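What follows draws every value from the coordinates through simple rules; no lab data is involved. A quick note: this is a predicted structure, and the numbers were derived from the prediction, not measured. Every residue, glycine among them, receives a Cβ derived from its backbone with ideal geometry; neighbour counts consider all protein chains shown.
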Amino acid sequence: MSQERETETEKETETETEAEADGRFRALAVGLPAALVLALGLWGIDRGGIWRDEAVTFQVARRSVPEIWRLVHGVDAVHGLYYLLMHPVLALRPDEVVLRLPSVCGAAAAAGLVAALGIRLAGPRVGLWAGLMYAVTPLTGHYAQEGRSYALVGAGVVGATLLLVRALDGGRTWLAYTGAVGVTCLLHEFAVLVLCAHAVTLAVSGVSRRTWARWAGAAAGAGLILLPLVLVSQAQAGQVEWLPTPGWGSAERVLRGFVVGPKGVVFETGVVLMLVGLAARRVAAVALPLMAIPPVLLMLVSQIRPMYDDRYVLYALAGAPLLIAAGADRLADRILGRVPYVPLAGALAVLVAFLHHLPLHRQDRTPERRPDNLAAVSALAAGQIRRGDAVLFVPSIGRRAAVAYPEGFRHARDIALRAPGPASGTLYGRETDADELRRRLARADRVWVVAEPYTLRSDWRPRNPTERAKIAAVWEDFVPCEQYVRGGVTLRLYERRPATVLPLTGPPRRERW
């Protein structure tokens, strides 16, 4: 009897040891991807300048809460919660590193949650590989270093998906799921498309009517949370009028961005592994809808009313590494079996993929990878503008450089500005009318024009009367003297035309105005 008891004790000890080892591996599988994203996100986070979208976050989040509240009732309601969250962050230290830290943390959390979701669906090995692949994908690193909400939205969507899977496994997480979806949608309302992906997951999983009812209640609760934002943002739809109708090129671009890297053998291998991963039904039921449904739906809607941009569905990226990891897991089982060092071999393969795209990661940490560099524009202005010189921003949104980096424009007179942004409840302030602008320009001898590139094209025809007055007055009364191009913006000096020099007849050539 004593021998039997000793044998039972040894078995219990071995079971406990295995459970502890499994727990440690699960913790490593979640923690390693999160730590990797954190390291990659902090690498080169100080690029030496913010670009236009980050500048909006930077200037709005530093306003008072009542000023932010007033702003979002007129513009940018879709980012209202994000601005409120960033308000105390930038109160600690208003610089570009702190501006991007929440995105770094959001991307790190998303990587850990992708790993946790992979563990839940297929085991620690799949979780580790999926989390690592999410971490090294260039698209993850790009938005981890951007002072906007997209990395946080990605974390929220993956967290909500994990809560859904736990609920389907019998967990009591429906209320948490409702809150996670609702808050994530408040960070960006297009995250609501994840509910469509989750509905497909339920359909292919063959869940009971009771489960459908619980999910429908949770989805309705999230919709109620989102409803006020939808009502306000509908009146602000003009903000996305610049978006083109997406085509096959958009679909190809998002696929290449999701699958570890944009081109080459890594991409091709990733596609093959994704196809193999479709055979892992439990993973595919969650990952494929998450990856495909939001981009496809938004592209289809955008054929009628364009509102698609890759970053709006960045959260769908989480589905790709789960499918790739599931495919790699199935191939590893077929070829290698349960060899102890297979998880390490998979991690090394992810490292090879990262090294393959290392030049892309390096390029992404330079200001040139963004459309503009407002710090460079401000530095140029500081070196050229004299005290008392007039400055015209064409169009008015060009004022973002002066708002983000006012030091460079401290000697200039913003000759078209009537009321600054915080006082007027707008992003870039309210400008004076065309008649008053002409009167102000009549008293100026030197005018610096800060022009966006598209305003210099011959086909640019502004609707706003003040914008038209800027062009007409400068063309008729001033001559160009100096020009500089920096950070994606043209800075041009105009001096008053001598009285003996008559303006050219005929319509102005926009590229020379």
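Amide H to amide H distances under 5 Å link Val485 with Leu491, where only residues 5 or more positions off or on other chains count and H is placed in the peptide plane. Here Ala91 and Ile397 are evaluated by their C-beta separation; at R0 = 30 Å the FRET efficiency comes out at 0.70.
When the Cα positions of Val265, Val232, Ala219 are compared along the charge dipole of segment 175-296, Ala219 comes out farthest toward the positive end, with charges on each C-beta of Lys, Arg, Asp and Glu. Treating r as the C-beta distance of Asp459 and Arg305 and R0 as 25 Å, the FRET efficiency rounds to 0.60.
A value for semi-axes √(5λ) of the Cα gyration tensor in Å was derived from the coordinates, and within the list (i) 52, 24, 21; (ii) 47, 31, 23; (iii) 46, 35, 21 it appears as (i).
Between Val265 and Gln363, residue separation times 0.36 nm minus the direct Cα-Cα distance comes to 33.3 nm. Helices in the chain, meaning DSSP H runs of at least 4 residues, each add -39500 (n - 2.57). Divided by all residues, the mean residue ellipticity at 222 nm is -20000 deg cm²/dmol. Once the C-beta distance of Arg70 and Leu227 is scaled by a Förster radius of 22 Å, the resulting FRET efficiency is 0.60 to the nearest 0.05.
With an a/c value of 1.5 or above and a/b not larger than b/c for the gyration tensor axes a ≥ b ≥ c computed over the alpha-carbon atoms, segment 158-300 is described as oblate. Computed from label points 7 Å out along Cα-Cβ, the spacing between Ala35 and Ala423 is 5.3 nm.
Note on Ile335 and Glu436: the model spin-label points, each 7 Å out from Cα along the C-beta direction, lie 7.1 nm apart. Taking other Cβ atoms within 10 Å as a rough exposure proxy, Leu336, Leu322, Leu193 sort from fewest to most as Leu336, Leu193, Leu322. Between Thr245 and Arg410, the contour length at 0.36 nm per residue exceeds the alpha carbon distance by 55.3 nm. Backbone geometry of segment 23-38 corresponds, through the Karplus equation with coefficients 6.51, -1.76 and 1.60 at θ = phi - 60°, to 3J(HN,Hα) couplings of x, 5, 5, 4, 5, 5, 4, 7, x, 5, x, 4, 5, 5, 5, 4 Hz, x marking Gly and Pro. Each of Arg210 and Arg446 was given a label point 7 Å from its Cα along the Cα-to-Cβ line. The distance between the two points is 8.0 nm.
Of interest is the spacing of the C-alpha centroids, which for segment 127-169 and segment 372-408 amounts to 37 Å. The magnitude of the dipole of the chain, with charges of +1 and -1 set on the Cβ of Lys/Arg and Asp/Glu and taken from the Cα centre, is near 1640 debye.
For segment 374-512, rounded, prolate or oblate, judged on the Cα gyration tensor with a ≥ b ≥ c (square roots of eigenvalues), a/c < 1.5 rounded, else prolate if a/b > b/c? Judged from the Cα gyration tensor, segment 374-512 comes out rounded (a/c under 1.5).
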